[in-house]
1. For the chain, give the magnitude of the charge dipole about the Cα centre (Cβ charges: +1 Lys/Arg, -1 Asp/Glu; no others), in debye to the nearest 20.
2. For D444, what residues show an amide H to amide H distance below 5 Å, using hydrogens built from the backbone and excluding near sequence neighbours?
3. Identify, among T214, L201, I409, the residue whose Cα sits farthest towards the positive end of the charge dipole of the chain, taking +1 on the Cβ of Lys and Arg and -1 on the Cβ of Asp and Glu, with the dipole about the Cα centre.
4. If you average the sequence gap of Cα pairs under 8 Å that are 6 or more apart and divide by the length of the chain, what percent do you get for the contact order?
5. Report the FRET efficiency, 1/(1 + (r/R0)^6), for Q236 and L22, where r is their Cβ-Cβ distance and R0 is 25 Å, rounded to 0.05.
6. In nm, to one decimal, how far is the modelled label at T55 from the one at L97, with both set 7 Å along Cα→Cβ?
7. Taking only C-alpha pairs under 8 Å that are 6+ residues apart, what is the relative contact order of the stretch 312-359 in percent?
8. Taking +1 at the Cβ of each Lys and Arg and -1 at the Cβ of each Asp and Glu, which of H73, V60, Q236 sits farthest along the dipole of the chain towards its positive end, judged by Cα position relative to the Cα centre?
Amino acid sequence: MVWDIDSTPISNKRFRSLRNRLLFSYLLVIAAILGTFSAAVYILVARDRHQQLNTHLHQVADSSAGTLEIIVHEYRELTTEKEYSGYLQTKPDGTPLPMTLAELMSKYEGGARFPVDAEPISPLQQGVEWYNQQRQLIVREGKLFLPTLLPAHIPQQGILIQQGHIRSFAQPVYMASATNPEKILGYIRVSESTLTLEAELRRLQWGLIVGVVTVSGLAALGGIWLTRESLQPVVQSFQQLKQFTSDASHELRNPLTAIRASIAVMQSHPERIHPADVEKLKAIAFASAQMSQLVDDLLLLARMDGQEVDRQGWRRITLDEILEDLVDLYSDRAAEAQISLNSQIIPNIEVNGDGSQLQRLFTNLLANALQYTTPGGKVVVSLQRTGIYAIVSFEDTGIGIAPEQLSHIFDRFWRTDQARHQHDNGSGLGLAIAKTIAQHHQGDITVRSELGAGSCFQVKIPLASVEP
Ligand code: ADP
């Protein structure tokens, strides 16, 4: 039953874009939550694993430190007592090479076991180095060592150094003698490879990435269903509202036509009208004309709302002809209002579209420009070509629009307070209709305006030559 949603498809362009935006925001939130969660898991695990490694290095260093005194002692015997001369191997320059514990122990062959109590060392992953007081490396165990010398300064609590894929911990070892507790006996350095740890963290990283991607993918599928489901009631009420507007406008047309016809008949016989009623009749005629216009506008908007563009009635429209005719038509009205109306129209600009709709679009903009320009002002209609678009501009030196109101002017029934008080013949639908028509023609309308200085409405429509 749940999948029945497709029975009312979201075909309306505006709803599709709303659905996509909802889906996008939903996915963004899910991805942000998962991303934050995964990052937190990774950081905590990585910190914990690094901590474990450091603790292990400390432990090995501590247990190895206990053996340093004996090792230093044994090593000194090798270097000072004659019976061991030649026991130490040296580099070509004469400095002795470090030895292993087993080599050091070998001088006791057949004797007591050398009492070394170091942690068992994995030969490939770790290495322990014993240094004497003069920082000379005397014994080392394991296979992994830092190639560098001991750090110049080693604090009492030791020092951790990461070099490439090796982490080392070096610490000084102090003499146990009560009289000279601060005297340094030597140093211990423990090194361990971080390759295993890095590989483990890389595996965790990949696991989390794959997890986030998989869950996001599943969330996307769920999101598609969820957004469709949640938009369904909105889409249905919108359709109902649209249907109602369309039906109501349609039904209102006939009675309005009858009223207007009756008024026209009455006005055609002024001698039958009582002088006191002449003005009332004029007001009724004006109001019914306005209502007819409003009903027509509502019907047009209801029909165009969310409809896929039907190009069947479209043909090539020569914009310069429409605009020239329009300027001619409005020149008397402009002269009456003492407004200079000029045009800068380049010829042979064609677009594909519905001629009457385009005419309606430009009429609305020109009528507004003249309506909201005070006597002595100027209105310029221009047509030019920019790239793949025909650009039609209506520029006036009229009352202008305040910046905070610019975002509302294309809303239905929206009018500025000034327009409401000074021009009572508008409905606030003109620009909404103009914008809808422009968008139906794959174009758009933009506006620039400055309060008190004037406005410029610019319509952009793709040229016929570039359309498929
Ligand atoms: P109407 O003109 O019927 O009021 P519109 O939708 O055409 O409705 O315009 C909406 C509002 O935008 C107008 O009420 C007016 O306040 C403002 N407006 C439109 N065109 C202009 C213009 N050229 N100059 C100043 N204000 C304008």
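1. Details: 41 positive and 49 negative charges, 42 e Å.
For the chain, the charge dipole is close to 200 debye.
2. Long-range HN contacts for D444: K460.
3. T214
4. Values: 627 pairs, mean separation 52.6, N = 468.
The normalised contact order for the chain reaches 11 percent.
5. Details: r = 17 Å, r/R0 = 0.66.
After rounding, the FRET efficiency stands at 0.90.
6. 3.9 nm
7. Working: 44 pairs, mean separation 29.6, N = 48.
Relative CO of the stretch 312-359 lands at 62 percent.
8. Going by the charge dipole, the pick is Q236.
Any read-out appearing in this document is the output of simple, stated calculations on the displayed coordinates, not a laboratory observation. Quick caveat: nothing in here was measured; it's all calculated off a predicted structure. With ideal geometry, Cβ positions are generated from the backbone for all residues, glycine too; neighbour counts draw on all protein chains shown.
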